[in-house]
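Only one structure is covered here, and it is reproduced in the block below.
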């Protein structure tokens with residue numbers, strides 16, 4: 001693959017990261033139709049997510065700096081420990097633990113087995129239907145000032161499901177929020193904030209791992225192929241950042257007025273299309 005393919009995948013990453021349709025699934029699928037038809041890989045996905053997550057930091061800059069500042073001040077006693085922003089800092093830390101532990105435990109499967117397009121197809125459909133049911137039946141009465149440690153843990157495990165391509169990080173956490181009774185904007189806002197530590201941690205880990213890799217011998221020696229160069233990955237990450245800024249603004253405005261039904265239908269149709277293409281040999285799993 002080359003620079004054009006990398007830029008296309010960066011565009012896809014920026015467009016899909018914050019919509020509940022799974023950016024990792026789209027990178028996996030689109031990669032099959034580009035260049036040599038290779039899977040861009042979990043490392044490329046994680047690194048380009050640094051761009052989209054930087055967009056979250058920019059968009060929610062005031063919230064993030066306020067939460068971090070008051071969390072640190074609560075440690076010294078200059079801010080009450082039960083201050084809402086200080087508690088939010090603790091909830092984000094608590095909610096980040098599941099994805100860190102499970103990501104380390106199942107790293108090999110995440111980078112290999114779980115990237116099968118069969119798994120992607122069925123998770124797109126299955127979790128899309130769950131999102132639709134949650135959006136339909138959820139009370140949508142709670143806001144983030146009602147968040148407690150139990151809900152923070154549930155949000156955290158829901159986010160960890162996104163380790164499986166096709167689930168969607170935002171889709172998983174938003175679905176959990178709707179099931180627990182949170183309104184759409186609150187569930188989405190917390191989903192974006194909760195993703196910051198996990199995505200930056202994963203992306204930086206893969207960045208260091210790629211930069212320091214000494215694997216020799218190619219696929220015959222069990223080494224993962226280098227699909228993109230560092231420059232190509234950096235370019236894709238930059239594109240993902242710019243596009244994601246616009247998508248976040250659109251999405252937060254959209255869900256304040258409308259349901260998730262279009263995303264549910266899209267997931268089901270896309271998953272069904274992948275199954276057809278796999279069954280007919282157009283795609284290889």
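Here are some notes:
- Scope the range 187-212; condition buried (at least 21 other Cβ atoms within 10 Å of the Cβ) and free of Cβ contacts under 8 Å to residues at least 60 places away in the same chain; matching residues: 187, 190, 191
- Qualifying position, being surrounded by fewer than 24 Cβ atoms within 10 Å (Cβ to Cβ) and outside any loop (DSSP other than H, G, I, E, B), among 75, 9, 27, 19: 75
- Odd one out for residue 101 among (1) over 27 Å from residue 242 (Cβ atoms); (2) buried (at least 21 other Cβ atoms within 10 Å of the Cβ): (2)
- Within the range 102-112, the set of residues being in contact with a helix residue (DSSP H, G or I) (Cβ under 8 Å, 6 or more places away or on another chain) and over 18 Å from residue 47 (Cβ atoms) comprises 102, 106.
- Just one of the listed residues (165, 197) is outside any helix (DSSP H, G or I) and within 13 Å of the chain's Cα centre (by Cα), and it is 165.
- Test: residue in the range 158-169 that is modelled with pLDDT of 90 or more, surrounded by fewer than 17 Cβ atoms within 10 Å (Cβ to Cβ) and either in contact with a strand residue (DSSP E or B) (Cβ under 6 Å, 6 or more places away or on another chain) or over 18 Å from residue 26 (Cβ atoms) (or both): no
- Some residue of the range 75-95 being on the phi > 0 side of the Ramachandran plot and under 22 Å from the mean Cα position of the chain (by Cα): no
- When the residues of the range 30-39 are filtered to those that are farther than 15 Å from residue 114 by Cβ and assigned to a loop (DSSP other than H, G, I, E, B), the one that is modelled with the lowest pLDDT is 36.
- Some residue of the range 108-126 being within 20 Å of residue 186 (Cα to Cα), buried (at least 16 other Cβ atoms within 10 Å of the Cβ) and in contact (Cβ under 8 Å) with a residue 12 or more places away in the chain: no
- Each residue in the range 252-285 was checked for being exposed (fewer than 15 other Cβ atoms within 10 Å of the Cβ) and in a helix (DSSP H, G or I), and 8 pass.
- In this entry, residue 144 passes the filter for residues that are surrounded by fewer than 23 Cβ atoms within 10 Å (Cβ to Cβ), closer than 24 Å to residue 57 by Cβ and in contact with a helix residue (DSSP H, G or I) (Cβ under 6 Å, 6 or more places away or on another chain).
- Inter-residue pairs, beta-carbon under 8 Å, first closer than 15 Å to residue 207 by Cα and in the range 220-241, second modelled with pLDDT under 55 and not in a helix (DSSP H, G or I), 6+ apart: 224/215
The values are calculated or read from the model by the stated rules, or taken from the named source; none is laboratory data. The structure presented is a predicted model; accordingly, all values stated were derived computationally and were not measured. When we count neighbours, we look across all protein chains shown, and the Cβ atoms used for this are built from the backbone with ideal geometry, even at glycine.
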